[in-house]
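Trainee: This is the structure I have questions about; it appears just below.
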Amino acid sequence: MGATLAIPQKDCVGTCVLNLRLDSKNFQTQKNRLKVQQLFQSYFEQGGCQLQVNVVDTKTLLDAMEHPEKHRDLIVRVGGFSDNFVLLDSKIKEQILLRSEFEA
C-alpha cells in the first residue's frame, strides 16, 4: 500500500480540508497542469478528503489589499465558502495570504 497522510483524514470528525494557493503560472503549460493534476491525485490517493484551492499569486493579493478598487472581481475560497477578497475582514485576508503557495 502507498504512503498515507500524517493525519488519517478518514478518522476525523467532519471533513479535513487542505487549503492551497496556486500561482496561475501552474496552468500556463500542459507540463505545469500535469504537475497540478499529479499533486491533487497524490493527495487523494494518500487519504486526503477535500481541497480548497485559490489560484492567485501573492503579488495580486498584496495589491488587492492596498488597492481594493482595482480588484473588485477577485473571488477567493475562504473555508467552506467563496467571497469577494476585498470585502473580507483584514484578518481573513491575511490568513489567505499566508496559505502555502505552490508553483510548479
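The values are calculated or read from the model by the stated rules, or taken from the named source; none is laboratory data. Quick caveat: nothing in here was measured; it's all calculated off a predicted structure. Cβ coordinates were reconstructed from backbone atoms using ideal geometry, including for glycine residues, and neighbour counts include every protein chain displayed.
Trainee: Report, by residue number, each residue of region 33-73 that is small (Gly, Ala, Ser), more than 15 Å from GLN95 (Cα to Cα) and assigned to a helix (DSSP H, G or I). Break it down into steps so the answer makes sense when it comes.
Mentor: Here is the first cut: in region 33-73, the residues small (Gly, Ala, Ser) are 42, 47-48, 64.
Those still in the list that are more than 15 Å from GLN95 (Cα to Cα) too: 42, 47-48.
Across region 33-73, the qualifying residue is only SER42.
Trainee: Pull up region 80-101, narrow it to residues that are exposed (fewer than 11 other Cβ atoms within 10 Å of the Cβ) and outside any helix (DSSP H, G or I), then point me to the one that is modelled with the lowest pLDDT.
Mentor: Residue satisfying both the conditions and the ranking: SER100.
Trainee: Would you be able to tell me the number of residues in region 1-48 that are modelled with pLDDT of 90 or more and small (Gly, Ala, Ser)?
Mentor: Here the count works out to 1.
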